[in-house]
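The values are calculated or read from the model by the stated rules, or taken from the named source; none is laboratory data. What you see is a predicted model, and the numbers here were worked out from it, not measured in a lab. Ideal geometry is used to build each Cβ from the backbone, glycine not excepted, and the neighbour counts take in all protein chains shown.
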Amino acid sequence: MLLIDALFINNGGGKSLLDVLVNEVNKRGLKVMYLIDERIARDYRPLNLDNVTFLEPSLIRRHLYYLKNKNYITSVLAFGNVPPSVKLKCKVFTYFHNVMYLESWQSLQMINVLPNRLKSIFIRQIKGNTTNWIVQSKFIKDKMVAKWGISKNDILIYPIYDNRFVTRSCRKELNEAQGIKFIYISNGHFYKNHILLIEAFSVYNKLYPGSSLTLTIGEEFPKLKQIIKKAVHRGVNVIDKGIISFKELKIEYENADICVYPTLFESFGLGLIEAALLKMPILASDLPFVYEVVKPNSVFNPNSKESIIDSLLFAHSFKNARAELICKNKVEELIDVISV
């Protein structure tokens, strides 16, 4: 039986992709085994999945699970970047979607270096336990070949995303008198670059006080939330919605005018996909991963506050502008490959 191992997935883009995968599997009526993080059990129990195990996300518990069930497994999709720690006699696909494990020490803040380096080393130690790697873009594939020496023939590209972000039939025109509403849907990890974005928007907001910037920062990022509170106290129109539901997310997108995406590095960029599906203009970091997903309307240097400000100002020239989605959703092809 196919095992979908998502033990190390519990929030953010990974959780969104897992939802897409589970929905597609259920739609097809496939019989599978699931290994899921117990912290998100409440999201999946209502689905009445036939064969699901909820565990604490632990390498040891995962290892014991594989030892116990290896004779029942006919193929595996390890969905959380890490191959099985047990060598299996079946096809194993590892879906890799965390670019931090491929970044250099210099690219990471010191507080994040050690855990990410250790995780990267561990993955490389057991990389022989996977038959194929599955990634979301050529950008990540090329990095894995260069950094980890993995054969390009062993890396498959199957991007997936949520098609429920259906396109709007038309977009409202920008109303500069009322102010442009910017939105950035992302968690609060350091490489998402919220602090520099807030600094840039603070300058822009003084010029255009009717404008706003909507963010979605979870409670697990208290320092960033404190920075946002201080900005609000200074009169900056930053709106932190916190973690919101899919329904609420669509409403926020519908109310916004422009998506801004200043992340420093990314494996995919679901926020770019969502904004493009909703026919929004996009201001984004001038980095390779962006161009594999969308054609943005304006790009900036994500390490420069002045460059971000210039891009925010340039948005005033948009007339019925929208970003173009380049990436195709291949969730159906992915299911075909792993369920053979």
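Scanning the range 213-263 for residues that are touching an Asp or Glu at 6+ places or on another chain (Cβ under 8 Å), of a type in the set (Phe, Trp, Tyr) and in a loop (DSSP other than H, G, I, E, B) yields no hits at all. Restricting the range 273-289 to residues that are among the hydrophobic types (A, V, I, L, M, F, W, C) and modelled with pLDDT of 95 or more, which is farthest from His316 (Cα to Cα)? Applying the filter and picking the extreme gives Ala284.
Among the residues making up the range 70-95, those that are part of a loop (DSSP other than H, G, I, E, B), without any contact (Cβ under 8 Å) to a residue 60 or more places away in the chain and under 27 Å from Lys141 (Cα atoms) are Pro83, Ser85, Val86, Lys87, Leu88, Lys89, Cys90.
The conditions of being buried (at least 20 other Cβ atoms within 10 Å of the Cβ), out of contact with any Lys or Arg (no Cβ under 7 Å at 6 or more places or on another chain) and either of a type in the set (Lys, Arg) or at pLDDT 95 or above (or both) are not met by Phe139.
Among the residues of the range 296-332, the ones that are modelled with pLDDT of 95 or more, within 22 Å of the chain's Cα centre (by Cα), outside any loop (DSSP other than H, G, I, E, B) and not polar (S, T, N, Q) come to 3 in all.
Let's see how each residue does on (1) assigned by TED's automatic domain parsing to the domain that holds Asn129; (2) hydroxyl-bearing (Ser, Thr, Tyr); (3) closer than 26 Å to Ser186 by Cα; (4) modelled with pLDDT of 90 or more:
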{"position": "Glu38", "(1), (2), (3), (4)": "yes, no, yes, yes"}
{"position": "Ala41", "(1), (2), (3), (4)": "yes, no, yes, yes"}
{"position": "Tyr72", "(1), (2), (3), (4)": "yes, yes, no, yes"}
{"position": "Phe79", "(1), (2), (3), (4)": "yes, no, yes, yes"}
{"position": "Lys87", "(1), (2), (3), (4)": "yes, no, no, yes"}
{"position": "Glu103", "(1), (2), (3), (4)": "yes, no, yes, no"}
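Residues in the range 116-168 that are of a type in the set (Val, Ile, Thr) and in a helix (DSSP H, G or I): Ile121, Ile123, Ile140, Val145. What about Lys241, is it within 16 Å of Leu272 (Cα to Cα) and surrounded by 13 or more Cβ atoms within 10 Å (Cβ to Cβ)? Here the answer is no, as Lys241 does not meet what is asked. Residue pairs whose Cβ atoms lie under 8 Å apart, sitting 6 or more positions apart in sequence or on different chains, and linking a residue in the range 212-226 that is aromatic (Phe, Trp, Tyr) to a partner that is in a loop (DSSP other than H, G, I, E, B) and at pLDDT below 95, are Phe221/Asn187; Phe221/Gly188; Phe221/His189.
Among the residues of the range 250-271, those that are closer than 22 Å to Asn163 by Cβ, of a type outside the set (Lys, Arg) and surrounded by fewer than 19 Cβ atoms within 10 Å (Cβ to Cβ) comprise Ile251, Glu252, Glu254, Asn255.
With respect to the conditions (1) touching a Lys or Arg at 6+ places or on another chain (Cβ under 8 Å); (2) within 25 Å of Gly14 (Cβ to Cβ), Ile228 lacks only one, and its number is (1).
With respect to Asp19, determine if the residue is over 18 Å from Val331 (Cα atoms) and not assigned by TED's automatic domain parsing to the domain that holds Phe190. Considered against the rule, which asks whether it is over 18 Å from Val331 (Cα atoms) and not assigned by TED's automatic domain parsing to the domain that holds Phe190, Asp19 comes out as no.
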